[in-house]
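Take a look at the structure set out below.
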Amino acid sequence: MDVKKTLLNLLYPVRCVVCDEITGYAKEAVCRKCRGKIVYIREPFCMKCGKQLNKQEQEYCSDCQKKNHAYIQGTALYDYGSMADSVFRFKYKGRMEYSKFYGKELYNEKACWLSMISPDALIPVPVHPSRKRKRGYNQAELIARELSRCSGIPVNARLIRRVGKTIPLKNLNQLEREKNLKRAFKIYKNDVKLNTIVIIDDIYTTGSTIDAMAGILHKAGIPKVYFMALTIGRGI
Ligand SMILES: [Zn+2]
Ligand SMILES: [Zn+2]
């Protein structure tokens, strides 16, 4: 390790993406203790939304059995519970640098899925401009940019905008939530002909955000909408 690197390391020690402790001299993103703690989504998973399932013979999670999602299919990298604190710091505590690790991990795990779909663009879930100003960045866009750097698939962050007032979703019931979300997105500039896109988000829960976006993207003439989430809850 050269002198400059050593000094930088002393001034700005590398902290573990998972537990936030200093990882030591090795420039590792994840400390030794946490390496086994990250839970990746592995088969069996829901064929529609990608949630981890318990039984091999189950095709869809209970949510996707009931609901007709507007997107074709989705995939996710981590079990939300195992990365909840990490994603919280990434989203609310300014830890933008996590996107480098997340993007690389997404690419390592999902390159096959991506080449199967062969999307024209990655579209991050937009945040309302006022929230972006306050936070300084859109976390989904940071992930998309890093994934784009690895995969070569371009990011399109201008096509769809968030216009709706940001009512905290937890204060709304399901129906109000969906109504609110339908009004929340607007196609801004549809000057590129896209056929297949992948929406990028940090957390997938009920899928209502992705569905609302897929609906408006369909109207804009984009037939094939997939999503990729950094984290996802477990399915039943
Ligand atoms: Zn750690
Ligand atoms: Zn599902």
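Observations, loosely collected:
- For region 22-54, the set of residues classified as of a type in the set (D, E, K, R) and crowded, with 18+ Cβ neighbours inside 10 Å consists of K48, K51, listed by residue number.
- Only one entry of G215, G221, G233 meets the criterion of being within 16 Å of ligand 2 (Cβ to nearest atom) and either more than 12 Å from the chain's Cα centre (by Cα) or basic (K, R) (or both), and that entry is G233.
- Residue match in region 19-34 (condition: assigned to a strand (DSSP E or B) and closer than 24 Å to I200 by Cα): no
- The condition of being within 11 Å of ligand 2 (Cβ to nearest atom), free of Cβ contacts under 8 Å to residues at least 24 places away in the same chain and charged (D, E, K, R) holds for only one of E59, E28, that being E59.
- Within region 51-104, the set of residues being more than 27 Å from L217 (Cα to Cα), of a type in the set (D, E) and not in a loop (DSSP other than H, G, I, E, B) comprises D79, D85.
- Selection status of L7, more than 15 Å from ligand 2 (Cβ to nearest atom) and part of a helix (DSSP H, G or I): yes
- Evaluating D85 against the criteria (1) surrounded by fewer than 20 Cβ atoms within 10 Å (Cβ to Cβ); (2) assigned by TED's automatic domain parsing to the domain that holds I200; (3) more than 16 Å from ligand 1 (Cβ to nearest atom) leaves one unmet condition, (3).
- Residue that is at pLDDT below 90 and under 25 Å from D79 (Cβ atoms), where the choices are P168, P124: P168
- Yes/no for R131 being among the charged types (D, E, K, R) and in contact with an Asp or Glu (Cβ under 7 Å, 6 or more places away or on another chain): no
The values are calculated or read from the model by the stated rules, or taken from the named source; none is laboratory data. This one's a predicted model, so the numbers in the text were calculated from it and none came from an experiment. Backbone-built Cβ (ideal geometry, glycine too); neighbour counts: all protein chains shown.
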